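Values in this text are rule-based calculations from the coordinates and carry no lab data. Just so it is clear, the structure is predicted and the values come from calculations on it, not from any experiment. Cβ atoms come from the backbone with ideal geometry, glycine included; neighbour counts cover every protein chain shown.
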Amino acid sequence: MTDDEIIQRIREQAPAGELPPPAPPEAVAELEAAVGHPMPALLKRIYLDVADGGFGRGGEALSLTDTTYSFSDSDRLLVEYLRWRERPNHPASVVPLLSWGCAIRSLVDYGTAEGRMWGWDPNVRCLKHALFPEDFTLAERLFGWLDGREDFPEAQAPAGSPDC
């Protein structure tokens, strides 16, 4: 599925008026400056051309500018990102995208052009290993959500770690 097809499917699956308006370019630039990497192209297109959050699994992608939308109980994305960066061993290029509930998160690596996905699940792994890379790109993850597959982040127990 191409980026254009993913964007069209996001627009088709969101009932009229449920997606917030697109984000202003300044909000994308502010986040990119904090991360030190450009937002992956597909994600940038979605935020700037489709909606400022409210897309993705359950329509819960974080907003760049607003915390009053009903789809999320989180702060705006920059604030959430800055909190994540405070965690030990957290790669600076990995940025939250949405919450699954129960402290489980999906994150995107801005340091990769395709937006490699990461998961956070402190319920099945110790906090030291709760953040883990996934075998998905942003496009693959979005396609799965649009196709009705939830694809929960699945953490494998780290080898040789008696703490987990």
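A few points about this structure:
- Separation in nanometres of the label points that stand 7 Å from Cα toward Cβ, at Glu154 and Glu32: 3.5 nm
- Membrane-span-like helices of the chain, defined as complete DSSP H segments with a Cα extent of 27 Å or more along the helix axis and a mean Kyte hydropathy of at least 0.5, are absent.
- Taking amide H as placed 1.01 Å from N in the peptide plane, the amide H of Trp100 sits under 5 Å from that of Arg105, Ser106, each at least 5 places away or on another chain.
- Rounded to the nearest 20 debye, dipole of region 70-127 from Cβ charges on Lys, Arg, Asp, Glu: 120 debye
- Between Thr2 and Val79, the contour length at 0.36 nm per residue exceeds the Cα-Cα span by 24.7 nm.
- Across region 100-140, the volume of the C-alpha convex hull divided among the residues equals 70 Å³ per residue.
- The fraction of all Cα pairs in region 41-130 landing in successive 5 Å bins from 0 to the largest distance is 3, 14, 24, 28, 19, 9, 3, 0, given as whole percents.
- Taking Val94, Val108, Val28 as the candidate residues, the one with maximal mean-square fluctuation in a Gaussian network model of the chain, Cα springs under 10 Å, is Val28.
- Highest-MSF residue in the chain out of Asp66, Asp147, Asp109 [GNM, Cα springs under 10 Å]: Asp147
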